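Data first, discussion second: the structure below is written as structure tokens.
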Amino acid sequence: MPETEHHSLIDGVLDLLRRKGSRLLGIREIQERLGLPESSRDALASTLDRLEREGKIVPVRGKRYSLLEFTPFRSGRVRVSPDGYGLVYSDGEEPDLYVDRRRMKGAMNGDVVLLRVDPRKEKWKAIRQRRFLEAEVARVLQREHRTVVGRFHQGDPPWVRPFDVRLDEDIEIDSESTLGAREGEMVNVEIDRYPERGSLAHGGVIERLGMLGEPGVDIEVVIRKYHIAHEFPDEVLREAEAIPLEIDPGEIASRVDLRDRVIVTIDGETAKDFDDAVDVTRLGNGNFLLGVHIADVSHYVREGGALDREAFERASSVYFPGRAVPMLPERLSNGICSLNPRVDRLTFSATIEIDPNGRFLERKFFRSVIRTRERMTYTDVNAILTEPTPELRRRYEPLLDEFHRMHELYELLRRRRDARGSIDFDLPESEILLGELGEIESILPSARNLAHRLIEEFMLAANEVVAEHLQLGNQPAVYRVHTPPDPQKIEDLKSILEEFGHKLRADPENLRPGELQRVLKQVAGAPEERFFTELVLRSMKRALYSEECLGHFALALRFYGHFTSPIRRYPDLVVHRMLGEMLATGPMYGDRLDAVRRRLPLWASQSSEREKRAEDAEREVIEWKKVLYMKDRIGERFRGRITGVTSFGIFVELEEVFVQGLVPIATIGGDYWKFHEREHRLRGEGSNREFRLGDPVVVEVWEVDEDRRQIAFRLIEAGGQPVDERKERARGSRPR
């Protein structure tokens, strides 16, 4: 059945079941009321099965269907805690239902489930200062895990303990399907029977990954845990191999030729896929002309082909220390699509004329061909603009004027961004340096330098004008949206800020980003800066992809989308296609417009989901690397600062190594320590001494839990005083 007909059938079924008097119908009645011929019976049955799996309809009283909203059932994705209970996300970013582990009925973490909520016996469960309505799983609609990664154990029968602590039941292994796995080895298991009441899941080993601690095994485990596609199917590789590595002269002739322009890429030292290049020129009227040139991936990855289907499935490249899992095969990502220096490459260009006040004037979008002059790094460009060495001056002499023009334009764009109230989160991230054999040499904070900021401003400008052009041109697209924060979270933030002497001068219902920007500037350099930055981040909603142009709260922009990274992000590829079609034939209309609009929500939701999966996997590998690094340093002492205070201990970030760990409150001793939540302090009841955010400490690495990726410290000094001395003084001190 053609896709348009399939979507029409879905809409028809849902509309029919929504009408009064038609809310409980069998398949024959649905067929008759929709006027469908007998030949469409199989297509209708398939549609009903799909709607049932998606949790939109439910069969009641046999095979009579009802919309879920007219029944006592709910549906959603369950997230299982390490303690075994589940929280269900049925609508939105926050969970709203609680499922006791005894009522999970074989549901596993991530499954989409049908839940029964009895309105006559409403029960509520309080968790983490929130109340959730209790429900029980009636049926699993979609299984998240066809495979599970875990540690293999010999036995009769053999079994595997899942690596994910949220999958808290072991998996029996067929003794003939172990692939010779060793005791304690990490393996990937294909499940052939899911857990049910009283019985374990069952499956067979399909991959042996190696022993934990061996180089690279941690990344292999995380890739399987998150079900990240890491091998390209043969049909995808064949389609990629068929793409020439030389550009057809006829294609070059059909494009705007920018090969004589001074265009460069600026990326990290280890980058291999270069999908954006820039240039800045001065116009005769004194204005700047910014050129942002993006790899024209849409020329090679055609809609509906094998490459496109795989790119949609992955939706995002995933970057680990020393390894990348790309969205596109290497022949494209590091080859013909990568804007390598001094070779011809096809690009999609956006040029923006910008006046001395930072106002955007004329904008142009067109397909082009470029030849970048140099592959620059953030380190070298930053040095050229701040402290250039004679060697750098000599090496890049022909480009120095170009970089200084870029710097001038950056300053203009930065002032424009500050003026509109854009929030700039500038927390350092972990940079893990690996040796030749994959061993961890060091873990350092990677702060953004001037070159990072410069490229960021140029990309933001291009993303903004492309989104505006598509929206005002009434062209369907996938937008990057960030909606305003929940007023209650801002109210909570406001209360905490007041405890530290800071004011949030805004109504939480009508908060503007500039007010949060002002608060962050106010705490810049203070001991509690990191704490408040993370607090502001947690108070905000997650940025997502959407078919609607809803604006970007943190950037304080009405129009925003992603245009600048089509090698590694699928929504950028969609935007390229929409922009290209608009330039070639004008705004869409008719059947083509209807077909694209139907697909937009799926493109957006898939991109959002895969982006989060990539971020979670990347974060888990980094935390695991930190644990592996500190495992060999048990007993060593480090200087650090307190970055968090809780009822169960204090979090400390080390200075020499960019690692954070917990000092459990039970290990501090010397007093009875009471947590003052509003002030985020631990205070000794006898001594009245305190542990506060930003306090300098010396800690000893005490314990490392590799399975849970947790690091525990023991406090040696606080505030420059040995803990033992603090204990002695505490006995004689009087409360203030």
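Some notes on this structure:
- Between the C-alpha center of segment 656-708 and that of segment 410-482 there is a gap of 34 Å.
- Length-normalised contact order for segment 63-198 - Cα pairs under 8 Å, 6+ apart - percent: 21
- Relative frequency of Cα-Cα separations exceeding 23 Å in segment 332-414, percent: 40
- Solvent-accessible surface ranking, highest first, for 549, 337 at 1.4 angstrom: 549, 337
- Here the spin labels are modelled as points 7 Å beyond Cα on the Cα-Cβ line, and at residue 197 and residue 69 they lie 3.3 nm apart.
- Helix-derived mean residue ellipticity, 222 nm - over the chain, DSSP H n ≥ 4, -39500 (n - 2.57), to 500: -10000 deg cm²/dmol
- Extension gain (nm, one decimal) between residue 637 and residue 538, 0.36 nm per residue minus Cα-Cα: 32.5 nm
- Which listed pairs, of 125/489; 272/625; 63/612; 63/225; 125/612, have C-alpha distances above 31 Å, in listed order: 63/612; 63/225
- Using a probe of 1.4 angstrom and keeping all protein chains present, the accessible surface of the chain works out to 48 square angstrom per residue.
- With 20 Å bins beginning at zero, the pair-distance distribution over Cα atoms of the chain amounts to 13, 43, 36, 7, 0 %.
- Local net charge near residue 168, Cβ-Cβ under 10 Å (Lys/Arg +1, Asp/Glu -1): -1
- Longest site-free stretch - the chain; sites: chymotrypsin sites (Phe, Trp or Tyr not before Pro), DSSP loop, at most 13 other Cβ within 10 Å: 1-424
- The chain: DSSP helices with Cα axial extent of at least 27 Å and average Kyte-Doolittle hydropathy no lower than 1.6: none
- For segment 160-319, averaging the sequence separation of C-alpha pairs within contact (under 8 Å, six or more residues apart) and dividing by the residue count gives a relative contact order of 13 percent.
- Working from label points 7 Å from Cα in the Cα-to-Cβ sense, the residue 130 to residue 667 distance is 3.0 nm.
- Residue order for 372, 386 - accessible surface, 1.4 angstrom probe, largest first: 386, 372
- The listed peptides 467-474, 292-299, ordered by packing as a protection proxy, come out as 292-299, 467-474 (highest mean of other Cβ atoms within 10 Å first).
- Euclidean distance between Cα centres, segment 352-369 to segment 270-311, Å: 15
- Carbon/sulfur fraction of accessible area - the chain, other protein chains in place, 1.4 Å, %: 46
- Average Cα contact separation per residue, the chain, under 8 Å, 6 or more apart, as relative contact order %: 8
The values are calculated or read from the model by the stated rules, or taken from the named source; none is laboratory data. Because the structure is a prediction, the values reported are computed rather than measured. Using ideal geometry, Cβ is built from the backbone for each residue, glycine included, and neighbour counts are taken over all protein chains shown. SASA here: full protein model, heavy atoms, side chains in, ligands and nucleic acids out. Shrake-Rupley method; radii C 1.70, N 1.55, O 1.52, S 1.80 Å.
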